[in-house]
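**Student:** Have a look at this one.
Taken together, the values in this text are just the output of simple stated rules run on the coordinates, not laboratory data. Everything quoted here is computed from the prediction, not taken from an experiment. Note that we place each Cβ from the backbone using ideal geometry, even for glycine, and neighbour counts take in every protein chain shown.
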Amino acid sequence: MTDQTLVQVVLPGIVEPEDLRVQRTAVPQPGAGQVVIAMEATGVSFAEQQMRRGRYYDQPPFPFVPGYDVVGRVYAVGAGVDPGLLGRRVAVLTKVGGWSSHVLADVRDAVEVPEGLTAEQAETVVVNGITAWQMLHRRAHVRAGQTILVHGASGGVGSVLTQLALAAGVTVIGTASPRNHEALRAAGVIPVDYRAGNVPEQVRELAPGGVDAVFDHVGGRSVIDSWHLLAPGGTLVSYGSASTRDDSGWKQWPVLKIVLRALLWTALPNGRSASFFNIWAGKKLNQNRFRARLRADLTEVFAALRRGDIVTPIAARLPLAQAGEALRLAESGTVSGKIVLTP
Ligand SMILES: NC(=O)c1ccc[n+]([C@@H]2O[C@H](COP(=O)([O-])OP(=O)(O)OC[C@H]3O[C@@H](n4cnc5c(N)ncnc54)[C@H](OP(=O)(O)O)[C@@H]3O)[C@@H](O)[C@H]2O)c1
């Protein structure tokens, strides 16, 4: 069972992507309630760009194996786990550890991937799909006929969110670099150029009465602008602080500032609400509920992918051992779609 070698990519400290290390050891044995997944696809997400700078708000101490999510076949099962799972394709949201040929996971965290999706297709929507689905349907509760603003509408989370919203009958205004506008227009999104520096003016022209929800991963000044773009009854969902990736200082501060602002804004008697979304929130409070929601939501996203409601392009495929190159490519900002790592 464990005659294979475990290959992992290690982030040794605050380093350049070229300085990621590859280590080889024995594949672990699953403990009670655990499975070992033979990775078929894992991905590069924005979190790894922050982690390699030591800027992700709750990354483990160095050295560690990054990798926010993984899709693969169940390779070994521990005591108490149904052996019928062996060979089945599953997806796991790992936060770290996914850049590995084999991943040890609690079986309760493994979500079955339906027939008809390849491992690479499924990989494109694990963290991005769960985040998008939960923000749209569990946080903002968008409804047909509404108008929303999605920052970074061509990005990993943004593009899934945009397509799920369009499928739900929502009008989407999306910010993006001009090179992505044609594709956004073709998908039914009204594009806005964030590089022009006047997003609020452009959005007000399109939606003079404000928008029903804004999804903001930019942070900093953008969150304030996003708040002021809300229509009465509107919801601001902030979920990142991409604009402070290269800042120095206390890494929690940019998000904490947003959380404090959101609390204050929501407390004001203005009929609008704001919050910071964190995919992991609620895990400590109620693990069962957290797992049940994650399973239900990822299953919905897989179904949307199968139906063709969402299409998630793969920007590049690289072998796991070239994770540094993949990270460099992600940071170049020159590609659209998910960068996938394969064994
Ligand atoms: N809170 C959570 O639970 C959670 C979960 C997952 C991800 N996230 C966060 O989500 C964010 C996006 O992650 P991702 O993997 O989707 O990243 P990604 O694929 O790199 O996409 C980011 C997009 O942001 C756009 N962008 C860059 N600067 C911008 C600006 N100033 N205004 C508007 N758009 C801008 C880029 O658009 P162009 O290419 O068009 O220039 C890019 O497409 C990250 O901040 C990540 O930390 C949060």
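**Student:** Can you give the local net charge around Gly233? Use residues other than it whose beta-carbon is closer than 15 angstrom to its beta-carbon, Lys and Arg +1, Asp and Glu -1.
**Tutor:** Numbers: positive: Arg139, Arg143, Arg272; negative: Asp212.
In short, +2.
**Student:** How much of the DSSP bridge set in the chain is antiparallel, in percent, rounded to the nearest 5?
**Tutor:** Values: 30 of 55 bridges.
Close to 55 percent.
**Student:** Which of the GluC sites (Glu not before Pro) found in the range 75-150 are in a DSSP loop and have at most 12 neighbouring Cβ atoms, other than their own, within 10 Å? Mind dumping the intermediate values first?
**Tutor:** Values: sites: Glu112, Glu115, Glu120, Glu123; in loops: Glu115.
Passing both the DSSP loop test and the Cβ count: Glu115.
**Student:** If you don't mind, there's one more thing I want to ask. Can you work out the Karplus-derived ³J(HN,Hα) for every residue in the range 125-137? Use 6.51 cos²θ - 1.76 cosθ + 1.60 with θ = phi - 60°, whole Hz, and x for glycine or proline.
**Tutor:** Taking θ as phi minus 60°, the curve returns 10, 6, 5, 5, x, 5, 4, 5, 4, 5, 5, 5, 9 Hz for the range 125-137.
**Student:** Using Cα centres only, tell me the gap between the range 107-129 and the range 225-302 in whole Å.
**Tutor:** For the range 107-129 versus the range 225-302, the Cα centre distance is 24 Å.
**Student:** Next up: Relative contact order for the chain: what is it in percent, counting Cα pairs under 8 Å that are at least 6 residues apart?
**Tutor:** Details: 718 pairs, mean separation 61.1, N = 343.
Normalised by residue count, the contact order of the chain is 18 percent.
**Student:** With only alpha-carbon atoms in the gyration tensor, what are the semi-axes of the equivalent ellipsoid for the range 127-276, in Å, largest first?
**Tutor:** 22, 18, 15
**Student:** Shifting gears a bit: Answer rounded, prolate or oblate for the range 1-148, using the Cα gyration tensor with square roots of eigenvalues a ≥ b ≥ c: rounded when a/c is under 1.5, else prolate when a/b is larger than b/c, else oblate.
**Tutor:** Details: a/c = 2.14, a/b = 1.15, b/c = 1.86.
Verdict is oblate for the range 1-148.
**Student:** Next question. May I ask you to sort Phe62, Phe302, Phe277, Phe215 by Cβ crowding, counting other Cβ atoms within 10 Å and putting the fewest first? Each step should come with its number before you reach the end.
**Tutor:** Working: Phe62 14, Phe302 23, Phe277 18, Phe215 32.
Sorted ascending by nearby Cβ count, the order is Phe62, Phe277, Phe302, Phe215.
**Student:** Right, another one. Return the long-range amide H neighbours of Ala231 (sequence gap of 5 or more, or a different chain), with a cut-off of under 5 Å between placed amide H atoms.
**Tutor:** Val211, Asp212
**Student:** To continue, here is another question. Determine the relative contact order of the range 127-276: mean sequence separation of Cα pairs under 8 Å and six or more apart, normalised by residue count, in whole percent.
**Tutor:** For the range 127-276, the relative contact order is 18 percent.
**Student:** So, counting K/R as plus one and D/E as minus one, what does the shell of residues with Cβ under 10 Å around Ala167 add up to?
**Tutor:** On the way: positive: Arg307; negative: Asp309.
My count for the surroundings of Ala167 gives 0.
**Student:** Could you run the Karplus curve 6.51 cos²θ - 1.76 cosθ + 1.60 with θ = phi - 60° over the range 319-331 and give me ³J(HN,Hα) per residue in whole Hz, x for Gly and Pro?
**Tutor:** In residue order, the calculated couplings are x, 3, 5, 9, 4, x, 4, 5, 5, 4, 5, 4, 6 Hz.
**Student:** Same structure, new question: Taking a ≥ b ≥ c as the square roots of the eigenvalues of the Cα gyration tensor of the range 54-134, is the shape rounded (a/c under 1.5), prolate (a/b larger than b/c) or oblate? Could the numbers behind the result be given before it?
**Tutor:** Numbers: a/c = 2.09, a/b = 1.32, b/c = 1.58.
It is oblate, given that a/c is not under 1.5 and a/b is not larger than b/c.
**Student:** Okay, moving on. I'd like the Karplus ³J(HN,Hα) series for the range 208-218: coefficients 6.51, -1.76, 1.60, θ = phi - 60°, whole numbers in Hz, and an x wherever there's a Gly or Pro.
**Tutor:** For the range 208-218, the Karplus-derived couplings read x, x, x, 10, 7, 7, 10, 10, 10, 9, 7 Hz, x marking Gly and Pro.
**Student:** Mind ordering 151-161, 258-268, 310-320, 90-100 by average Cβ neighbours within 10 Å, highest first? Walk me through the numbers before you get to the answer.
**Tutor:** Values: 151-161: 26.8, 258-268: 14.5, 310-320: 16.5, 90-100: 24.6.
Highest to lowest by the protection proxy: 151-161, 90-100, 310-320, 258-268.
**Student:** Going by a ≥ b ≥ c, the root eigenvalues of the Cα gyration tensor, does the range 1-70 fall in the rounded group (a/c under 1.5), the prolate group (a/b larger than b/c) or the oblate group?
**Tutor:** On the way: a/c = 2.12, a/b = 1.75, b/c = 1.21.
Since a/c reaches 1.5 and a/b is larger than b/c, the shape of the range 1-70 is classed as prolate.
**Student:** Under 23 Å between alpha carbons, and skipping anything fewer than 8 positions from Lys284 in its own chain: which lysines qualify?
**Tutor:** In chain and number order, the partners are Lys95, Lys251, Lys257.
**Student:** Another question about this same structure. Just going by the charge dipole of the chain, with Lys and Arg at +1 and Asp and Glu at -1 on Cβ, which of Gln29, Ala110, Ser273 is farthest out on the positive end?
**Tutor:** Ser273
**Student:** Okay, moving on. Of the candidates Gly197, Gly78, Gly13, which one comes out as most mobile in a Gaussian network treatment of the chain with C-alpha springs shorter than 10 Å?
**Tutor:** Maximum fluctuation in the GNM of the chain, among the listed residues, is at Gly197.
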